[in-house]
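What follows is a single structure, written as structure tokens, with notes after it.
The values are calculated or read from the model by the stated rules, or taken from the named source; none is laboratory data. The shown structure was predicted, so the numbers you read here are calculated from the model rather than taken from an experiment. In this analysis, Cβ positions are derived from the backbone assuming ideal geometry, glycine residues included, and neighbour counts consider all displayed protein chains.
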Amino acid sequence: MQLRNKDILDIASLLPEEINFILDTAEKMKDISKRPIKKVPTLRGKTIFLVFFEPSTRTRLSFDVAAKRLSADVISMTASSSSVVKGESLLDTVKNLESMNPDIIVLRHFCSGAPHFISKRLSVPVINAGDGMHDHPSQSLLDLMTIRENKGSLKGLRITIIGDIAHSRVARADITGFIKMGAYVVVCGPPTMIPKGIEVLGCRVETDFSKAVKGADVIMVLRLQKERQKHFLLSSEREYNKVYGLSLKHIENADQDVLIMHPGPVNRGVEISNDAADSPFSIILDQVTNGVAVRMALFYLLAGGIKDDN
């Protein structure tokens, strides 16, 4: 099998069998990170550009580590160090980068649709590392991998996503990915943070926190994305924590083997308590570990990995 498209732009464009193919590949890649020498020559001679127009810690480091563990050369560029600050357009910037013959361009941009825009104009594969409030496919893939590792399958699971749904590209990507793989998804949060029409993605909206977590197999907690809110949509973070903050007392109503997830960064005492974040139910750090494996798999498959003809 091989991926149908040269780019990884969103979860919606991936078939379920492609998702499973990526996750199966990521499982093999994960073994590399467990070795005493965490490096293989698979992509030696390949060059990967990381082009980030938004701040990032986990995602950028994860892509960087993933490329280096496959022996690829990595070049990083941020908005502040690019000619964009001098007035150059995004397209001119990436076209100049393409002329240096990279094998993959990883793009994070504050504008929704930016990776789609440039992918149509470049011959080099593009990986969307997060675009505005639209999508974050590699995050969704690592979340899918983490749940599959712990539950065996997503089929039939009840997954609850709590928080600032309106401003979260992770929420949109995960809703699409979870449902595509057979899960039932409930979203919960303040009415001001639930986008109108989100149900078209196939999820159910629940504003009552206790009802949302009841019977959940997985609880995904999102942070308040105040940097994306034109106006703060609650009177205070204390109020939010009181009504929608996840703590261990809420787990009693969930499945006894419930998983707690968070894409990060975690704001303890706001969307999640210390006891919940550090509990045996939490697989937040597993998500980080699997992020490297998933991104290794994407690089491997897009930059000349062995194609399986089965």
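Inspect the range 36-47 for any residue being of a type in the set (Ser, Thr, Tyr), more than 24 Å from LYS120 (Cα to Cα) and out of contact with any Phe, Trp or Tyr (no Cβ under 8 Å at 6 or more places or on another chain) and give the result as yes or no. Outline the logic, then answer.
Here is the first cut: in the range 36-47, the ones of a type in the set (Ser, Thr, Tyr) are 42, 47.
So of that shortlist, the ones also more than 24 Å from LYS120 (Cα to Cα) come out as 42.
In the following step, the residues that additionally are out of contact with any Phe, Trp or Tyr (no Cβ under 8 Å at 6 or more places or on another chain) were identified as none.
Checked the range 36-47: no residue is of a type in the set (Ser, Thr, Tyr), more than 24 Å from LYS120 (Cα to Cα) and out of contact with any Phe, Trp or Tyr (no Cβ under 8 Å at 6 or more places or on another chain).
With respect to LYS180, is the statement that it is basic (Lys, Arg) and surrounded by fewer than 17 Cβ atoms within 10 Å (Cβ to Cβ) true?
Details: basic (Lys, Arg): yes; surrounded by fewer than 17 Cβ atoms within 10 Å (Cβ to Cβ): no.
So LYS180 does not fit the description; no.
Hey, among ALA297, ALA303, which residue is modelled with pLDDT of 95 or more and buried (at least 20 other Cβ atoms within 10 Å of the Cβ)? After ruling out the rest, the residue left standing is ALA297.
Quick grid of which residues meet (1) touching a Ser or Thr at 6+ places or on another chain (Cβ under 8 Å); (2) under 13 Å from PHE299 (Cβ atoms):
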{"residue": "PHE21", "(1), (2)": "no, no"}
{"residue": "PRO36", "(1), (2)": "no, no"}
{"residue": "THR42", "(1), (2)": "yes, yes"}
{"residue": "THR47", "(1), (2)": "no, yes"}
{"residue": "PHE53", "(1), (2)": "yes, no"}
{"residue": "THR57", "(1), (2)": "no, no"}
{"residue": "ASP64", "(1), (2)": "yes, yes"}
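For every residue, the table says whether it meets (1) modelled with pLDDT under 95; (2) among the acidic types (Asp, Glu); (3) touching a strand residue (DSSP E or B) at 6+ places or on another chain (Cβ under 9 Å).
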residue: LEU14; (1), (2), (3): no, no, yes
residue: GLU18; (1), (2), (3): no, yes, no
residue: ASP24; (1), (2), (3): no, yes, no
residue: LYS39; (1), (2), (3): no, no, no
residue: PHE49; (1), (2), (3): no, no, yes
residue: PRO55; (1), (2), (3): yes, no, yes
residue: ASP64; (1), (2), (3): no, yes, yes
residue: ALA67; (1), (2), (3): no, no, yes
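Residues in the range 166-196 that are out of contact with any Asp or Glu (no Cβ under 9 Å at 6 or more places or on another chain) and modelled with pLDDT under 95: ALA166, PRO191, THR192, ILE194, PRO195, LYS196.
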